[in-house]
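**Q** I have a structure here, written as structure tokens, and I will follow up with some questions on it.
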Amino acid sequence: MRPAQAHKIRAVRGEGAAVPRSLLVAHANQLLTLRGPRGPRSREAASNLEIIEDGAVYIEGDRIADLGTSQEILQRHPRAATTLDASGKVVLPGLVDAHTHTIFAGSREREVEWKAQGLSYAEIAARGGGILHTVRATREASEADLVRIALERLLTFVSFGTTTVEIKSGYGLRTADELKMLRAAAEAGRTAGVDVVPTFLGAHAVPPEFEGRSDAYVDLLLNESLQAVAVGQAASFCDVFVDEGYFTADQGRRLLGKASALGLRPKVHADELSDTGGASLSADVRAVSADHLLHANDAGVEAMAAAGVIATLLPATSLASRMPFADGRRLLAAGVPVALGTDFNPNCWCESMQLVVALACHHNGLLPAQAITAATINAAWAVGRGDDVGSLERGKLADLVVLDAPTYHHLGYRLGGDLAEAVIKRGRIRKGRTLTH
Ligand SMILES: [Zn+2]
């Protein structure tokens, strides 16, 4: 919590125990509901935020009980344990971060100097940086250390308005350490009061002990790790880094086929560094999402649209790695729903989906409304949580952000600040003035 901002949110009424743990957020200048047909949005639907002017949301417990204009809602629910006045502000669904690597030990701040000196990803790896540096540190860390580290990070995510976070493994690269990461992600989420969606990314890189023998490592994943993750119900998704120098589309196909058979839904790190067929693979294996997509070819994009694969774009990584930005307009025009994520990882230390929305508007060609759709309802579907979060509708989780801005356009406009004046997660005020309810 930031004391400097705490005074801005005003509780206009606290009427005690009229309804236990009820919360009314009223008089929002713009209430962005994003309500609509079930499923992710593309084409024209991606620009429709379903805005209610002078809107209000009435919450009971951890769910949205009612919403509409302030006049309607105050008439139907004249009393609430706590009321927040959102006059002059924007209220929208809690942001969903659809792609992160939040669990890791150590940090790689030295690499900023190397990047500034023009060293490539491969040259940085040759100096002992990159993924394998983080793998060493994460293998050495205890599970309790990883939970503690991730908890701090998740609380920062929340302060920026993110209320659901996907977290991948992928810095253990051997079964026991991958499971350690997935357990730490789940525990950190419980402790932080954030919904965490765990993804198994054993195929993030070839570990040093398998150098030059990627097929042997894939066999280990196929014959041991995937089974262990599925049996322990440690993850909802399985992801594979399909790219030059990592895993081939064929290896990805084998891994994701087995993962699907074990009940883990597929995701793909696709066409980030070069076009190696990741987009087409994602369609072939009916992946929930293909992520990055800087170099996706036309056939792959068309196949994604036909198969209903969501494109998760990660502009902060393009910024941090000085790479091109994926073409969001092209994807939406082709009928591919676009989601967003921070890609928080040791190479791209970004906790703010607000910055990601602004980058998507400035560099991925998304309109502010499309970027907000991508950071809420589409991101929710990209992590399999679209029935519970991502829009403001009766019965959904009461995850809301109050922005200190008069219109939603400010979210696409302002770079690197923090507009989240209040954050409500499952009906509880997590940022803003502390109110008992
Ligand atoms: Zn990633």
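**Q** Could you please give the count of residues in region 196-240 that are over 17 Å from His269 (Cβ atoms), of a type in the set (A, V, I, L, M, F, W, C) and in contact with a Ser or Thr (Cβ under 9 Å, 6 or more places away or on another chain)?
**A** 5
**Q** Sort out which residues of region 301-346 are small (Gly, Ala, Ser), within 14 Å of the ligand (Cβ to nearest atom) and part of a loop (DSSP other than H, G, I, E, B), and write them in order of number.
**A** Ala326, Gly341
**Q** Please tell me if Leu281 is on the phi > 0 side of the Ramachandran plot, crowded, with 20+ Cβ neighbours inside 10 Å and out of contact with any Cys (no Cβ under 6 Å at 6 or more places or on another chain).
**A** Values: on the phi > 0 side of the Ramachandran plot: no; crowded, with 20+ Cβ neighbours inside 10 Å: yes; out of contact with any Cys (no Cβ under 6 Å at 6 or more places or on another chain): yes.
So Leu281 fails the test.
**Q** Just give me the residues in region 227-254 being crowded, with 21+ Cβ neighbours inside 10 Å, within 21 Å of Ala382 (Cα to Cα) and out of contact with any helix residue (DSSP H, G or I) (no Cβ under 6 Å at 6 or more places or on another chain), in sequence order.
**A** Val229, Phe237, Asp239, Phe241, Asp243, listed by residue number.
**Q** Looking at region 198-213, can you tell me whether even one residue there is small (Gly, Ala, Ser), more than 16 Å from the ligand (Cβ to nearest atom) and surrounded by fewer than 24 Cβ atoms within 10 Å (Cβ to Cβ)? Please lay out each step first, then the result.
**A** First, pick out the residues of region 198-213 that are small (Gly, Ala, Ser): 202-203, 205, 212.
Then drop every residue that is not more than 16 Å from the ligand (Cβ to nearest atom), which leaves 212.
Keeping just the survivors that are surrounded by fewer than 24 Cβ atoms within 10 Å (Cβ to Cβ) gives 212.
Yes, that holds for at least one residue.
**Q** Against the condition at pLDDT 95 or above and within 16 Å of the ligand (Cβ to nearest atom), how does Val242 come out, does it pass? Reasoning before the result, please.
**A** Details: at pLDDT 95 or above: yes; within 16 Å of the ligand (Cβ to nearest atom): yes.
Taking the combined requirement at face value, the residue satisfies it.
**Q** Given the criterion away from the ligand (no atom under 16 Å from the Cβ), crowded, with 18+ Cβ neighbours inside 10 Å and under 30 Å from Gly277 (Cα atoms), identify the matching residue among Val218, Val158.
**A** On the way: Val158 fails: under 30 Å from Gly277 (Cα atoms).
Sole residue among the options that is away from the ligand (no atom under 16 Å from the Cβ), crowded, with 18+ Cβ neighbours inside 10 Å and under 30 Å from Gly277 (Cα atoms): Val218.
**Q** Out of the residues in region 251-270 meeting the condition of being of a type in the set (Lys, Arg) and more than 19 Å from Leu220 (Cβ to Cβ), tell me which one is nearest to the ligand (Cβ to nearest atom). Give the steps one after another, and end with the answer.
**A** So the first thing to find is which residues in region 251-270 are of a type in the set (Lys, Arg), and the list is 253-254, 258, 265, 267.
Subsequent filtering for residues that are more than 19 Å from Leu220 (Cβ to Cβ) retains 265, 267.
Details: Arg265: 16, Lys267: 10 Å.
Top of the filtered list is Lys267.
The values are calculated or read from the model by the stated rules, or taken from the named source; none is laboratory data. Quick caveat: nothing in here was measured; it's all calculated off a predicted structure. Glycine also receives a Cβ, built like all others from the backbone with ideal geometry; neighbour counts cover every protein chain displayed.
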